[in-house]
Amino acid sequence: MKKQYDYLIIGSGLYGSVFAHEAKKAGKKCLVIDKRDHIGGNVYCENIEGINVHKYGAHIFHTNDKAIWDYVNQFVEFNNFTNSPMSLSKGKMYNLPFNMNTFYQLWGTKTPQEAKAKIEEQVAAYGVKDPKNLEEQALSLVGKDIYDYFIKEYTEKQWGRKATELPAFIIKRLPVRFTFDNNYFNDTYQGIPIGGYNKLIDKLLDGIEVVTNTNYFSDRAKFDELADKIVYSGKIDEYFDYKLGVLEYRSLQFENEVLDTDNFQGNAVVNYNDASYPFTRIIEHKHFEFGKQSKTVITKEYPCEWNPSNEAFYPINDAKNQALFEEYKKLSLEEKNVIFGGRLSEYRYYDMHQIIAIALKRSKTELNND
């Protein structure tokens, strides 16, 4: 018997929304459900004092893929915001990413040759041939000053562990630029949707049935009967009722403040490196859209241990968790009418443009074979 929908899509983040949009375009009937009280997943923006507040942390769209850039721009116009974070360390402000401005602020070096010599000298003094942990890895890549000022305490706050206890692979490389360039991303295309990410999600899901405050796991049997196929973008271990064990994550807590000033920190993102600050950074959201509002909204980000009651943000892709994920992945391949996709289903961190590309590729394969 023909079911009510062609696809039940669990999760209305970028993966689910792009898949739903492409399926609708191909004439398929979709139902999108989300356990949260809003659509958009982690790109959702909350309007506070006329400012689009990135509810789940800063989201800055960037890509080198013109096809992906053109794809999102068909739904909403993007501004020309460029991510140029600042870093407060030991009482002084520094530019990020590590570039000639940073080196001048740190050492007073004025030429690339002087900066290179300084880094090489410190790597020779403090680096090791076979780094066994994150601290040794960082010292071997950039030397002691950059590590002490910008990496050590920030990373320890981020992961809740000493740098000497963290695996070296967390930092595969540390890009340093010998130009005076504060643009954090090297990508050709970069910006924020004018009016916020909700506009993008609303357009993607236009004309598609969406139900929020609805948890698939509250009545799986009922939901499974609704559609021929399921697109699942939630946690892969939760789908299988954690029967092989729980995959670990790091989480974040966000503390918003409305301030009676038009400009708190003069930049969208300021990192707080020192351990004396319990948060890792402060986001001032109005700067993402060059806002002129009389008030401002800031968000302090506090890294924290993950448990099933809070949001899973960063997978801990160590050997133990990765091996467990591979076992869950084998199980997922046996689910013939379920399409798993997105960062939680694939247990890996993705940027937004990557998620969109994956959803487009997967939907195209699926819809062409249907």
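The values are calculated or read from the model by the stated rules, or taken from the named source; none is laboratory data. All values derive from a computational prediction rather than experimental measurement. Cβ placement follows ideal geometry from the backbone for every residue including glycine, while neighbour counts extend to all protein chains displayed. The area values use the complete protein model at the heavy-atom level, side chains included, leaving out ligands, DNA and RNA. Shrake-Rupley method; radii C 1.70, N 1.55, O 1.52, S 1.80 Å.
For the reader, a short list of remarks on this structure follows.
- Estimated Rh, the range 196-334: Kirkwood, alpha-carbon pairs, angstrom: 18.9
- In the chain, the longest principal axis of the Cα atoms and the axis of helix 14-25 are about 40 degrees apart.
- Charged neighbours of Asn64, selected by a Cβ distance under 14 Å, balance to -3 (K, R count +1; D, E count -1).
- Net length available on complete extension from Asp70 to Lys25 is 14.5 nm, with 0.36 nm assigned per residue and the Cα-Cα distance removed.
- Distance in nm between pseudo-label sites at Asp351 and Asn368 (7 Å out along the Cβ direction from Cα): 2.6
- Residue pairs exceeding 28 angstrom between C-alpha atoms, taken from Lys203/Lys336; Lys29/Lys222; Lys66/Lys144: Lys203/Lys336; Lys66/Lys144.
- Taking the chain and dividing mean pair separation by its residue count, relative contact order in percent (alpha carbons under 8 Å, at least six apart): 26
- Förster radius 30 Å - calculated FRET efficiency between Glu46 and Met93, Cβ distance, rounded to 0.05: 0.60
- Rounded tilt (10° steps) of 319-333 against the dominant C-alpha axis of the chain: 20
- A 1.4 Å probe run over the range 228-370, with the rest of the protein chains in place, finds 48 Å² accessible per residue.
- Top positive-direction residue, dipole computed over the chain with Cβ charges, set Ile230, Leu8, Ser363: Ser363
- Here the label points at Lys243 and Asp274, each 7 Å from Cα along the C-beta direction, are separated by 5.3 nm in the simple model.
- Counting only alpha carbon atoms, the long axis of helix 352-369 and the longest principal axis of the chain meet at about 30°.
- Gyration tensor (alpha-carbon) shape descriptor, the range 249-305, a/c threshold 1.5: prolate
- If R0 equals 51 Å, the separation of the Cβ atoms of Glu335 and Asp262 corresponds to a calculated FRET efficiency of about 0.45.
- Mean-square fluctuations from a GNM of the chain, with a 10 angstrom spring cutoff on Cα atoms, peak among Phe61, Phe288, Phe240 at Phe240.
- Computing Rg and the Kirkwood Rh from the Cα coordinates of the range 86-173 gives a ratio, Rg/Rh, of 0.97.
- Look at the alpha carbon pairs under 8 Å that are at least 6 residues apart: their mean separation over the length of the range 227-370 gives a relative contact order of 33 percent.
- Sulfur and carbon atoms: percent of accessible area, the chain [1.4 Å]: 48
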